[in-house]
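The values are calculated or read from the model by the stated rules, or taken from the named source; none is laboratory data. On a predicted model such as this, the values are computed, not experimentally measured, just so you know. Cβ sites come from the backbone with ideal geometry, for glycine too, and all protein chains shown count toward neighbours. Accessible surface is based on the protein model in full, side chains and every heavy atom, while ligands, DNA and RNA are left aside. Shrake-Rupley method; radii C 1.70, N 1.55, O 1.52, S 1.80 Å.
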Amino acid sequence: FPDETFLRKRVDIALGLARRIAAQHYDLMFVLDKHWSLGVFGRLCGVPVRIGFDREGEGFGNTHTISYGPVKHESQYYLDLAYLVGARPAKHQMELALSKADLQFAASFFKKNSLLPRKTIGIAPGGAKNPGQDMVIRRWLVERFAEVGQVLAKKGWQILLLGKAPGDTFTVQPMK
């Protein structure tokens, strides 16, 4: 379904989607968004078991919830949902799969900018801004990033600032 269904509150599209899902007679739904409206949407779909998050009382549309807060890594919260249905993963280890093109780009970038891969730490100072939400409270202060960067630079680490937003810029400069 199109993203704007929920971001732009397209009730007409959401109700049509709910009817199509209800016609499938699903037994269980994982509601992976934290917003209350998606739990209610699951209820509109007629799914009897809705497993999702409860962030400050927003999980009322779900039948089973995991309390959500800024304590654990996101991946652990999602695993907690799986535990509710009896899933027990053998290990909890995040993997980052990089393509050959990604690895070649990184090698070229490091060489071009005289960076040492084993002495470089990447910091992504942006974030906490997603479609439909801007969570300023989850954004760390610029001064704190600068403090961490200065401590790491004094210990011999090269700092690489990472970003992706339209206003982000990429320059390579040694920290002082």
Under the Karplus relation 6.51 cos²θ - 1.76 cosθ + 1.60, θ = phi - 60°, what is the ordered set of whole-Hz ³J(HN,Hα) values for segment 55-63, x standing for Gly and Pro?
9, 6, x, 7, x, 4, x, 8, 8
Near Ile66, within a Cβ-to-Cβ distance under 9 Å, what is the net charge of the other residues, with Lys and Arg +1 and Asp and Glu -1?
-2
Count the lysine pairs in the chain whose Cα atoms lie under 14 Å apart, taking only pairs 8 or more positions apart in sequence or on different chains.
6
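Can you give the accessible area per residue of the chain, in Å², using a 1.4 Å probe? Working shown, then result.
Details: 13360 Å² over 176 residues.
Heavy-atom SASA per residue in the chain reads 76 Å².
If R0 is 25 Å, what FRET efficiency do you get for Leu116 and Glu147 from their C-beta distance, rounded to 0.05?
On the way: r = 23 Å, r/R0 = 0.91.
The value I calculate is 0.65.
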Taking the Cα centre of segment 27-91 as the origin, how large is its charge dipole in debye, to the nearest 20, when only Lys and Arg (+1) and Asp and Glu (-1) carry charge on their Cβ atoms?
160
Suppose R0 equals 30 Å; then what is the FRET efficiency for Gln104 and Trp140 from their Cβ-Cβ distance, rounded to the nearest 0.05?
0.45
Between Lys154, Lys91, Lys72, find the one with the highest GNM mean-square fluctuation for the chain; connect C-alpha pairs within less than 10 Å.
Lys91
Name the residues whose placed amide hydrogens come within less than 5 Å of the amide hydrogen of Val31, ignoring near sequence neighbours (fewer than 5 apart) on the same chain.
Ile51, Gly52
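Return a whole-number percent for the relative contact order of the chain, with Cα pairs under 8 Å and 6 or more residues apart as the contact set.
Details: 189 pairs, mean separation 21.4, N = 176.
Taking the mean separation of contacting Cα pairs over the length of the chain, I get 12 percent.
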Tell me, what ³J(HN,Hα) does each residue in segment 21-29 have, in order and in whole Hz, if you take phi through Karplus 6.51 cos²θ - 1.76 cosθ + 1.60 with θ = phi - 60° and put x for Gly and Pro?
5, 4, 5, 7, 6, 5, 8, 9, 9
Which residue, Asp33, Asp102, Asp54, has the most motion in a Gaussian network model of the chain that connects Cα atoms within less than 10 Å?
Asp102
The set of residues whose placed amide H lies less than 5 Å from the amide H of Leu161, leaving out same-chain residues fewer than 5 positions away, is Ile123
A correct Karplus calculation of ³J(HN,Hα) over segment 101-106, with 6.51 cos²θ - 1.76 cosθ + 1.60, θ = phi - 60°, whole Hz and x for Gly and Pro, returns 4, 4, 5, 5, 4, 4
Check which residues have an amide H placed less than 5 Å from Thr120's amide H, if you skip close sequence neighbours.
Gln158
